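Contents: one structure, followed by commentary.
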Amino acid sequence: MSIRGLKVGSGIVRSTSKMKQEAPPSSDSHIEVQDEVDSANILRVIEKHNKDRGGLIAILEEIQAEHGYLPEKALRIVSDSTRRSLVDVYGVATFYRSFSLKPRGKHLVCACLGTACHVRGAPRIVEELEQQLGIEAGETTADKEFTLETVNCLGACALGPVVVIDGRYFSKVRKFKIGQLLDEARKGFDKGEIGKDKRIFPIEVSCPRCNRSLMDETFAIDGYPSIKVSVCFDHEDGVLRLSCLYGSYNFSTELDIPGGAVVKFNCPHCRVQLPSASYCSTCEAPMAPMLVRGGGIVQICSRRGCRNHMLDLA
């Protein structure tokens, strides 16, 4: 559920292509450690999350956040300490696209090749990226500056072709813009100040069941009224407030929701669970829909730690 970070799009393309067709490392193979792995730190992370539901995902997320990828030595420590087979640990690490077994560059460039983007010229955008970076999709530049990846869908079908660089979405990208975007990434994107960055804007949402507003004027996040919903996790109910700003990940909750946990979203007015008509293309958790004032719908992944959210303005 990371809670909040909206993507703009018209739908989800679920595909097993996120499963990387690689064989797990054998138990007696030589380990080539490409990054220093602090065993004590890995054990601390495991102890922190091992009792949580979905703890393995949270463990791997924290390891990758520190190293930039999942070192093989770290996976073996996780396997031994959690008493899970190395095949099981490796299976989770290769199933989710957010995990990487190879060191990534300082900047991650991700181009969408989904149907909507494809017909709008996405293959030519990928070719231009490959030419300017001097690598093919799935590779990292020799100076470790850029990693280039492609995906089947970024949930921004209405704005294709779409390229994401360091978590920032760029819509309707053209070949002549590629050089400029890469230069901006090298220099460091602006911090996107609220009110100055047009990519960050507030939305107002309501319950898809009773159509009553979910906006909370009494509790501000990012200087705007928050989105208030009820959540249920592990037989406990609580209130979750999200930033109403497109592009903000800020939220507030009174529940202790562990990483990897899936929660149920309920309307605070009619008490009905927000109906899940689709599933997250990243982690397969149910997506919770909310109606957007003026037309459209926003869907939020219900798994803590997943940032797959979509805003469909069609």
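Where a number appears in this text, it was derived from the coordinates with a stated rule and is not lab data. In this text the structure is predicted, and so the values were computed from the model without any measurement. All Cβ positions, even for glycine, are placed from backbone atoms using ideal geometry, and neighbour counts span all protein chains on display.
Structure notes:
- Packing order of peptides 59-66, 235-242, 295-302, highest average first: 295-302, 59-66, 235-242 (average count of other Cβ atoms within 10 Å over each peptide's residues).
- Taking amide H atoms as placed 1.01 Å from N in the peptide plane, the amide H of Phe219 lies under 5 Å from those of Ser226, each 5 or more residues away in sequence or on another chain.
- Centre separation in Å (Cα based) which lies between the stretch 247-314 and the stretch 48-114: 23
- Taking Met310, Met290, Met215 and counting other C-beta atoms within 10 Å, the order from fewest to most: Met215, Met290, Met310
- Long-range HN-HN contacts of Tyr246 with modeled amide H, under 5 Å: Phe201, Ile203
- On full extension, the segment bounded by Asn41 and Ala277 gains 81.0 nm, given 0.36 nm per residue less the C-alpha separation.
- Once the chain from Glu149 to Ser81 is taken as fully extended at 0.36 nm per residue, the excess over their C-alpha distance is 21.3 nm.
- Annotation: the stretch 201-312 has a Kirkwood hydrodynamic radius of 13.9 angstrom, from the mean reciprocal C-alpha pair distance.
- Under 14 Å, Cβ to Cβ, from Asp143 - net charge with Lys/Arg +1 and Asp/Glu -1: +2
- Fewest-first sequence of Phe176, Phe99, Phe219 by Cβ atoms within 10 Å of each Cβ: Phe176, Phe219, Phe99
- Evaluated with a Cβ-only charge set (Lys, Arg +1; Asp, Glu -1), the stretch 201-312 carries a dipole of roughly 260 debye about its Cα centre, given to the nearest 20.
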